[in-house]
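Okay, structure first, notes after.
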Amino acid sequence: MRTTTAPGTVAELMARQWGDHRPGLMYEDTERRVLTRHRTAQEAAARAALLVDLMPPGAEPHLGVLLDNTPEFPFWLGAAALAGAAVAGINPTRRGPELARDILHTDCRLLVTEPAHLPLLRGLDLPGVRVLVTGTEEYAALLAPYAGAEPGAATLGRPGPASRMLLYFTSGSTGAPKAAVCTQGRLAAAGSALARRFSVTPDDVHYVCMPLFHGNAVIADWLPALAGGAPVALRRRFSASAFLDDVRAYRATYFTYVGRAVQYLLATPPRPDDRDHTLRLGFGTEAGAVDAARFAERFGVRLVEGYGATEGGASVQSTPDTPPGALGRAGAGDDLAVIDPATGLECPPARLDAEGRLRNGDEAIGELVNRGRSLFEGYWRNPEAEADRTRDGWYWTGDLFFRDPEGFLYFAGRTDDRLRVDSENLAAAMIENILARWPEAAAVAVYAVPDEASGDQVMAALALREGAAFDPRAFTEFLAAQPDLGTKMSPRYVRVVPAMPVTATNKVHRTALRRAGFLPAATGAAAPGPDPVWHRAPEGDYRPLTEADLTALLARYRAHGRSHLLPR
């Protein structure tokens, strides 16, 4: 059943595994296990047949998957592809009504979960949803009659390029998450393109340590492995301390990352054997140029930063001549521009100094827009969000970028991460990249807190390297030495945290940081808290924010009528 023609669907990629007895899936249960590609196709085909029989007539062919990175997750991804169904990846960090909303919003009539996540479902009203619990006798009995199924033997509708396969929630800072639609044709093309780009072969091993309910792990890790014939190795949940041990045990050659995963790996204690492994490449987003260089120096592994959201509306491709810090140029067929949302006009090119540092961020940073054809396939039952994303006939990414005179694009943060200080627009990611140079910083997050009179002030959360202590004078001197740190970019407030709060996808939990602001993290009240907060006056050194300081500060908010902007 194997062929060399380009696949039009993920179902074709799954069927190509049939009869291939090379390694296909590696994971750790009570011991490390290896399944062949043929066996993984068998397991997917069995679940596809079960899915067809359990799906109520007339229902949307959607199933929710509420699992950690266990073998059942890729089995059900393959099953959905073969059956012509769609998987909604359900985030296990969601709770109560929000969790129920995700399941019901995507019209899931089946929900696949595991015993460890059953407590999350207690008390939830999920009418019409049948729950399958993996690892139980009942689950094994349901699957047993389908053990001999072959790929394509049972379908809800013949899978084609236009068949929905994924309904993956995008992480947003406001409102309910949106479920982006991903079809089999787009996913198969994306997996094949990455397999070609990174020369994936059956000799590679793709280490999947990012959560499979998120698009990164499926689109950038599982799919190119499937397309290139490489096995995947699963880590149930990301662990920085177990990373190298896993890589060595599985002889992994490739991994993906998002958010702060790279920073957490760099924060682990250095070991003499840090370069004793088989990794050749890491692919992801938001590592930043400073940490990418540190990662390469310590582990001997090149990190390739990419840009391409689950929605598929725009992509940036790196080329050999891409300068440090840039992501690349527009992908084939894209007409990408950096637009000032206030005027609808294109922003002027960035002015970079000899060290590649941005000198005109206020005018050069804008929202990345695709004015050409877009692969965006919509949001499931959310026409308002869909219309906002595609207004004026363009695809608006929601991400901040700037472009240098040669056309290379640089990521500058999310539109939600823009700050306005003294009437000047700032991008949080730009300030983060500067603060990340401080040798004592293990992780950095920058976000807005309301100014007591108008606009915003810059606040930073710093997680320090092991054994380091916050030295306010040294930090002030460091800031003064940064030529690209504008006069309004220095943090007014600094919170020193033992570890950076992150979401389930290892992105900084900015909502939690904003919610705490400069108030004590433990209580949210005007009393001392466990995470020290430092503040500075203009041209002054940082000093601890005392109870007396806080009382005076809150009085200024009341005097200006802005107390309602503070967290409660």
Checked ALA240, ALA193, ALA189 against criteria (surrounded by fewer than 24 Cβ atoms within 10 Å (Cβ to Cβ), of a type in the set (A, V, I, L, M), under 17 Å from the mean Cα position of the chain (by Cα) and over 27 Å from ILE103 (Cβ atoms)); the one match is ALA240
If you take the residues in region 95-121 that are modelled with pLDDT of 95 or more and part of a loop (DSSP other than H, G, I, E, B), which one is surrounded by the most Cβ atoms within 10 Å (Cβ to Cβ)?
CYS108
If we keep only residues of region 17-43 that are at pLDDT below 95 and either out of contact with any helix residue (DSSP H, G or I) (no Cβ under 9 Å at 6 or more places or on another chain) or not assigned by TED's automatic domain parsing to the domain that holds ASN69 (or both), then the residue nearest to TYR146 (Cα to Cα) is ASP29
Looking at ALA453, ALA387, ALA342, ALA354 in this structure, which one is touching a His at 6+ places or on another chain (Cβ under 7 Å), surrounded by fewer than 16 Cβ atoms within 10 Å (Cβ to Cβ) and among the aliphatic types (A, V, I, L, M)?
ALA453
Single residue of region 264-299 satisfying the filter (closer than 24 Å to GLU440 by Cβ and among the small types (Gly, Ala, Ser)) that is modelled with the lowest pLDDT:
GLY288
Only one of these is within 20 Å of the chain's Cα centre (by Cα) and surrounded by fewer than 16 Cβ atoms within 10 Å (Cβ to Cβ): ALA153, ALA176, ALA140. Name it.
ALA176
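Counting only residues that are within 17 Å of TYR307 (Cβ to Cβ) and of a type in the set (S, T, N, Q), which one in region 254-288 is farthest from the chain's Cα centre (by Cα)?
To start, the set of residues in region 254-288 that are within 17 Å of TYR307 (Cβ to Cβ) comprises 256-259, 261-262, 281-288.
Add one more test, that the residue is of a type in the set (S, T, N, Q), and what stays is 256, 285.
Details: THR256: 10, THR285: 7 Å.
Selected residue: THR256.
Can you find a residue in region 170-177 that is assigned to a loop (DSSP other than H, G, I, E, B), of a type outside the set (Phe, Trp, Tyr) and either out of contact with any helix residue (DSSP H, G or I) (no Cβ under 9 Å at 6 or more places or on another chain) or at pLDDT 95 or above (or both)?
Scanning region 170-177, I find at least one residue that is assigned to a loop (DSSP other than H, G, I, E, B), of a type outside the set (Phe, Trp, Tyr) and either out of contact with any helix residue (DSSP H, G or I) (no Cβ under 9 Å at 6 or more places or on another chain) or at pLDDT 95 or above (or both), so the answer is yes.
Which one is surrounded by the fewest Cβ atoms within 10 Å (Cβ to Cβ) among residues in region 432-442 that are under 20 Å from the mean Cα position of the chain (by Cα) and at pLDDT 90 or above?
Step one: list which residues in region 432-442 are under 20 Å from the mean Cα position of the chain (by Cα), which gives 432-433, 436, 442.
So of that shortlist, the ones also at pLDDT 90 or above come out as 432, 436, 442.
On the way: GLU432: 23, ALA436: 18, ALA442: 20.
Per the criteria, the residue is ALA436.
Any chance you could count how many residues in region 425-452 are part of a helix (DSSP H, G or I) and not hydrophobic (A, V, I, L, M, F, W, C)?
The qualifying residues number 2.
The values are calculated or read from the model by the stated rules, or taken from the named source; none is laboratory data. Treat the numbers as computed from the prediction; the structure is a model and nothing was measured. Every residue, glycine among them, receives a Cβ derived from its backbone with ideal geometry; neighbour counts consider all protein chains shown.
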